[in-house]
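The structure appears below as structure tokens.
The values are calculated or read from the model by the stated rules, or taken from the named source; none is laboratory data. The shown structure was predicted, so the numbers you read here are calculated from the model rather than taken from an experiment. Because the Cβ atoms are built from the backbone with ideal geometry, glycine has one as well, and the counts that use them run over all protein chains shown. These area figures cover heavy atoms from the full protein model, side chains too; ligands, DNA and RNA do not enter into them. Shrake-Rupley method; radii C 1.70, N 1.55, O 1.52, S 1.80 Å.
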Amino acid sequence: MPAAELVVTSAAVVKQDANSGNAWGQKSAPNPSFSSFVTMHSPWAAKRGLICAVCMLAANFAICGLWLTDPTTLVTKASNIFSLGTAETRKLTHVKGGNAGAYETKNVEFRPAHDAPKVALMFLTIGNLPHEPSWRAFFEAAGRLELDPRSPVTSAPVVQPKELVGKLKPPIKPFQKREDYETYRIQDAGGYHRRLLSELEEEGEEGGEGPVQEEKEGTAVEENPLSQEMKRLLKGEENGGDIRRAQSLFSLYVNAPPGFEFPSHSLFYGTIIPNPVNVINGYGQWVTVQSQIAMIREALKDPRNEKFALLSESCIPIHSPEIVYGQLIGEPRSEIDACPSQKTMVNTRFNKRMVTDNFTKADWRKSPQWTALNRDHSLLVMEDQHVKEIFKRHCFRRKSPRRGCTPNEHYIPSMLGSYGLDNQTTCSGVTYTEWPNAKTSTHPRTFKPPIVNAKLIRGFHGKTCNPAQARSSTQCLFKRKPGVENQEGHFNVNVTMCDPTEQENPTWVTKSGYQPLPARCSLFARKFKKESVTQALEAVLSCDGVGLGHWC
């Protein structure tokens, strides 16, 4: 069948693949006037005969008649002809001047579960991802889920940068040569405080020591489900690509040093982005932001990606995939701290040379690097050529780590703050990081094997982030896929609580009945040394920890 294209100006672009016959949806900016709902991207007369023929073959003469006389017929009629599944497309209205993320959802785009929004997990690494066994467990758990067909799956309306902020700041012309930027000169010279970091890794701000419990010779290990799963996942013999493709909630992107590749059976094989940024010796330099931007650029190519979460090689999940998905897709704001702060460290890092007519110290912000941006803000990151160039020229680490400017902690939150988008952020990140001393620490605590267990994971949750209620309510969003053995866990709880959650700006996730954790609750945690791979895997599989085991 020849390709036929429809543009839905309010919410989605629907296209039929001429070769495979598979339909997909791609979001575009909502049209504020909504004067034209559907536009044919070819002369109507030229398409009329072809469409009629298709209609006749489909034995749908009534619809054919409508299309011949009215080219603006609802897309739901066209979907019957072009096999677009059960999606029903209607208008979306952005509420101007409303609260952050506020949209009037009188008419929304309902999408089939297999075409639901996704979370892009973007890993920044300088080599292997040692905690792949834990992430295999996470993706396998996601593969056992499917969205309940009763869930009113919708797309968040995408607002293009110019509409989001009114007017983009004027671009600043970049330097012509790489060596003109001091941040690159520092990186090329080997980094500014590599010795300091190696000292911290060896002695300083670490998690507790304690003796490593070695297994005695001849001791029989009990073959319970947990130990069996640990053995299987540590071997990692299953094809990682199959594990990724078995689920539809998350997508993976990795920035690794140029030339590096994962083994063919790895979960991360084939996920390294084209033209990755070399971040070797780039700690505290612009390349850390550059690599994040490169992954965002690649992830934006998938129209289903709605949240873009940045993770490090030492991260592990501390919640189940259904909670991570519900929290990120159910929160219209970006999980980043673009809120004003008066903290001393924040202000002492500001460089007066960064001031322009469009950027001042009042716009200065600080956030954890490990954040999750919504699609609107990700598009703005790509479009901004003003604040980006300011940071590239003047924000880098050279001497004191406390006084130097760290671009990965300041650029995106400051850029959002300069555009007045503070209230579209949660004022927090997504990853738990522990600082031994908030005033003097320059490096987060590293968790070593002896203290990595389910109790540590529960400690990350704290009193206000208990996942029990949230995970029970995920049954309002998901159901177990056919063939998954019946558990005595949260998916067997009697579904009587799926009433819409009361929120200021409800989303389809909370309307389904999901009871979210508070916005400041972390979804991931770092730093876990590669020596703690086994302990971390046991903690994430255990029902007392994250509960990724299929028996939980």
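A few notes on this one:
- Over segment 289-405, relative contact order from alpha-carbon pairs under 8 Å, at least 6 apart, %: 35
- Extension gain from TRP551 to SER472, taking 0.36 nm per residue of separation minus the Cα-Cα distance: 27.0 nm
- Using a probe of 1.4 Å on the protein chains alone, the accessible area found for HIS265 is around 80 Å².
- Gained length - ASN505 relative to THR360, 0.36 nm times residue gap less alpha-carbon distance: 49.1 nm
- The distance between label points at GLN176 and ALA189 comes to 2.5 nm (points 7 Å beyond Cα on the Cα→Cβ vector).
- Phi to ³J(HN,Hα) by Karplus 6.51 cos²θ - 1.76 cosθ + 1.60 over segment 461-469, Hz, x for Gly, Pro: 5, x, 7, 8, 10, 5, x, 4, 5
- Å² per residue, accessible surface of segment 263-374 at 1.4 Å: 34
- In segment 124-195, taking the dipole from charged Cβ atoms about the Cα centre, the farthest positive-side position among PRO133, PRO170, PRO157 is held by PRO170.
- Span per principal axis, largest first, for the Cα atoms of segment 311-425 (Å): 45, 29, 25
- Gain in span if fully extended, ASN351 to ASN281, counting 0.36 nm per residue against the direct Cα distance: 22.9 nm
- Rolling a 1.4 Å probe over the protein heavy atoms leaves LYS231 with an accessible area of roughly 110 Å².
- Amide H within-cut-off set for VAL254, under 5 Å, with H built and near neighbours excluded: PHE123, ILE272, ILE273
- Cα gyration tensor shape for segment 416-477, rounded if a/c is under 1.5, else prolate or oblate: oblate
- Between ARG150 and GLN228, the FRET efficiency from the beta-carbon distance, with R0 = 51 Å, is close to 0.90.
- Accessible area in the full protein assembly, largest first, 1.4 Å probe, for THR371, THR356: THR356, THR371
- Lys, Arg +1 and Asp, Glu -1 on Cβ, resulting dipole of segment 282-408 about Cα centre, debye, nearest 20: 980
- Loop-located trypsin sites (Lys or Arg not before Pro) in segment 159-189 whose Cβ has at most 10 other Cβ within 10 Å (DSSP): LYS167, LYS177
- Between amide H atoms placed 1.01 Å from N, distances below 5 Å from PHE478 occur with ASP148, all of them 5 or more places distant or on a separate chain.
- Each Lys or Arg adds one and each Asp or Glu takes one away; over the other residues whose Cβ falls under 14 Å from the Cβ of ASN466, this sums to +3.
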